[in-house]
1. Give the range 75-91 a look and list any residue that's under 14 Å from Ala45 (Cβ atoms) and in contact with a Leu (Cβ under 6 Å, 6 or more places away or on another chain), or say none.
2. Which members of the range 83-106 meet the condition of being loosely packed, with under 15 Cβ neighbours inside 10 Å and among the aliphatic types (A, V, I, L, M)?
3. Quick one: would you say Ser152 is more than 19 Å from Cys105 (Cβ to Cβ) and of a type in the set (Ser, Thr, Tyr)?
4. Of all the residues that make up the range 107-120, how many are surrounded by fewer than 18 Cβ atoms within 10 Å (Cβ to Cβ), more than 18 Å from Phe42 (Cα to Cα) and in contact (Cβ under 8 Å) with a residue 12 or more places away in the chain?
5. Taking the stated definitions as given, is Ala34 at pLDDT 90 or above and under 18 Å from the mean Cα position of the chain (by Cα)?
6. Please determine whether any residue of the range 48-66 is more than 13 Å from the chain's Cα centre (by Cα), charged (D, E, K, R) and over 24 Å from Glu178 (Cα atoms).
7. Which pairs turn up if I take residues in the range 74-89 that are assigned to a loop (DSSP other than H, G, I, E, B) and look for partners that are among the β-branched types (Val, Ile, Thr) and buried (at least 18 other Cβ atoms within 10 Å of the Cβ) with beta carbon separation below 8 Å, at least 6 apart in sequence or on another chain?
Amino acid sequence: MTCLQFDAAGAATELPVTSAVPLATRRFQLVPVAPEHHRALFALATAHEHQYRWRFRGAVPPFEVFERTLHHHALAQFVIAPCRRPEAVAGHVLAYDASLQDGTCYLGAVLAPGATGALEGVILFIRFLFAHWPFRKLYLRSPVFAVGDYVSAIRNGILHVEGRLRDHIFYGGRTWDELTLALYREHADEWLASHHLHPVSPEAHDPDLEPAS
């Protein structure tokens, strides 16, 4: 797709127009958070697999409080849903505490237990954030005991350890350091290009290519 740009003399130059950023692959799609997702997101946030490091860190607020705080400080958030079961919640991605002045934003992601392949949704979300806002880098917070999820990306120079809060988190009867990791735009471009997700529009899914439910 192209458009025409005219200079002061009236001469036209043809410029390419970037297409919309895909919000779906053949298996998963990003769906804006809606009230019908709230119960599933509440269950995900309070599940014992994630409770120690996601949002409430052990606390179980009343559901009404969870709903009221769901969008606090959020710039954008989506449910990761299987394309064949759009009502199901395979994960939750969130961009929060954004500073457009500084070009930074925090990224949060949690995946449902057994949601094989749902990491595709996180990759789509990172692409979405870098496409829509001029962020220089995205930050992730992680307790040091959970940093194993990111070791490969750190060793490959994709993620950078930019901060350490000593003895900042209490869990399991002791204190732990909390790390701040950064994903820079210039490093993300190469990393994202290496993930061949075959993005498609949600209405273009071929049922023969979908995973079995």
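1. Gln77, Gly91
2. Matches in the range 83-106: Leu100 only.
3. Answer is yes for this residue.
4. Counting residues in the range 107-120 that are surrounded by fewer than 18 Cβ atoms within 10 Å (Cβ to Cβ), more than 18 Å from Phe42 (Cα to Cα) and in contact (Cβ under 8 Å) with a residue 12 or more places away in the chain gives 1.
5. For Ala34, the condition - at pLDDT 90 or above and under 18 Å from the mean Cα position of the chain (by Cα) - is met.
6. yes
7. Qualifying pairs under 8 Å: Cys83/Thr25; Pro86/Val31; Val89/Val79; Val89/Ile80.
Table: residues versus (1) in contact with a Gly (Cβ under 8 Å, 6 or more places away or on another chain); (2) in a helix (DSSP H, G or I); (3) at pLDDT below 95; (4) among the charged types (D, E, K, R).
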{"residue": "Asp97", "(1), (2), (3), (4)": "no, no, no, yes"}
{"residue": "Tyr106", "(1), (2), (3), (4)": "no, no, no, no"}
{"residue": "Ala109", "(1), (2), (3), (4)": "yes, no, yes, no"}
{"residue": "Gly114", "(1), (2), (3), (4)": "no, no, yes, no"}
{"residue": "Glu120", "(1), (2), (3), (4)": "no, yes, yes, yes"}
{"residue": "Phe125", "(1), (2), (3), (4)": "no, yes, no, no"}
{"residue": "Phe130", "(1), (2), (3), (4)": "no, yes, no, no"}
{"residue": "Pro134", "(1), (2), (3), (4)": "yes, no, no, no"}
{"residue": "Tyr139", "(1), (2), (3), (4)": "no, no, no, no"}
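The values are calculated or read from the model by the stated rules, or taken from the named source; none is laboratory data. These figures come from a predicted structure and were not determined experimentally. Counting neighbours? That spans all protein chains shown, and the Cβs are built from the backbone with ideal geometry, glycine included.
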